[in-house]
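Report on one structure; see the data block that follows.
The values are calculated or read from the model by the stated rules, or taken from the named source; none is laboratory data. Just so you know, these numbers come straight off a predicted model, no measurement behind them. So basically every Cβ, Gly included, is an ideal-geometry build from the backbone, and we count neighbours across all protein chains shown.
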């Protein structure tokens, strides 16, 4: 696919350097996981991002079938992810350039599936309105990067969704985890408050999905009671990026079938497979995900 072609699936946000315990780094970021998932599901996939030359070279090497356009940056967005008893703590060690509409190729703005996938507030909220289209297109967001802030040592913690009014009215789908809005020392929010927030957002966005790791995911569909979809049992090796894999698989199946339940099931399958290997290496094709689990 060339820059002149309209992709089926477009992800916008920062690819990232994920620092490992030994000091080496691995490619991360929502756009990397989501775009590769879409590609492995048979879609023409593209990314708009920003990062250092080293990061962009690794992105192109790892996602050879994904078209990438990028704002050059001296710094790459860099995270250190630490897991303790299944709980992730993140630290921001660098940040690339902010992404505005000017960075998105004009013809790519007509992509039938667009995912706004910020990591740390780098996707300007105005893009939601600027990229919104008729209901024949699917504009979605994984809003974790708009729900984060950093402290003096770079620790990433939840933050209020202050820009929700600029974004939510233009989305057809929003996918996030309870971790993104859970209680901690900085927000004072608990599980019940998080559920109330999600319910409020679901009154605006037609489809809101809350991922719950191995437990699966919950679908909030406007006008209906929330519906839980169980996950699939796997031996977890690396959960990083599973929510982004879920998001891309959900969008792909929803766009193809208009069946939200089928989209939830396929997304749970694909996300489950993805955690069985390190980084992006576990992301399956559709055939592999369907064959992995027998109904």
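Of all the strands (runs of 3 or more DSSP E) wholly in the stretch 34-107, which have at least 3 residues that are closer than 28 Å to residue 179 by Cβ? Step through it out loud before you land on a result.
Details: elements: 45-51, 67-72, 78-84, 87-94.
In the stretch 34-107, the matching strands (runs of 3 or more DSSP E) lie at 45-51, 78-84, 87-94.
Output the residue which, of all residues in the stretch 43-55 that are without any contact (Cβ under 8 Å) to a residue 60 or more places away in the chain and buried (at least 21 other Cβ atoms within 10 Å of the Cβ), is farthest from residue 94 (Cα to Cα).
Our first condition is that a residue be without any contact (Cβ under 8 Å) to a residue 60 or more places away in the chain; within the stretch 43-55, this holds for 44-45, 47, 49, 51-55.
Those still in the list that are buried (at least 21 other Cβ atoms within 10 Å of the Cβ) too: 45, 47, 49, 51, 55.
Values: 45: 26, 47: 20, 49: 15, 51: 10, 55: 12 Å.
Among those residues, the one meeting the criterion is 45.
Each row is one residue, and each column tells you yes or no for (1) under 19 Å from residue 142 (Cα atoms); (2) out of contact with any helix residue (DSSP H, G or I) (no Cβ under 9 Å at 6 or more places or on another chain); (3) in a helix (DSSP H, G or I).
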{"residue": "196", "(1), (2), (3)": "yes, yes, yes"}
{"residue": "231", "(1), (2), (3)": "no, no, no"}
{"residue": "236", "(1), (2), (3)": "no, no, no"}
{"residue": "240", "(1), (2), (3)": "yes, no, no"}
{"residue": "244", "(1), (2), (3)": "yes, no, yes"}
{"residue": "247", "(1), (2), (3)": "yes, no, yes"}
{"residue": "268", "(1), (2), (3)": "yes, no, yes"}
{"residue": "287", "(1), (2), (3)": "no, yes, yes"}
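Name the single residue that is farthest from the chain's Cα centre (by Cα) among those in the stretch 3-29 being closer than 16 Å to residue 104 by Cβ and modelled with pLDDT under 95.
Among them, the one singled out is 4.
Restricted to the stretch 1-16, and to residues that are in contact with a helix residue (DSSP H, G or I) (Cβ under 6 Å, 6 or more places away or on another chain) and not in a loop (DSSP other than H, G, I, E, B), which residue is nearest to residue 285 (Cα to Cα)?
9
Considering only the stretch 166-187, how many residues are part of a loop (DSSP other than H, G, I, E, B) and either modelled with pLDDT of 85 or more or under 19 Å from the mean Cα position of the chain (by Cα) (or both)?
3
Okay, residues lined up against (1) at pLDDT below 95; (2) closer than 24 Å to residue 148 by Cα; (3) buried (at least 24 other Cβ atoms within 10 Å of the Cβ):
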site	(1), (2), (3)
33	no, yes, yes
41	no, no, yes
80	yes, yes, no
90	yes, yes, no
97	no, yes, no
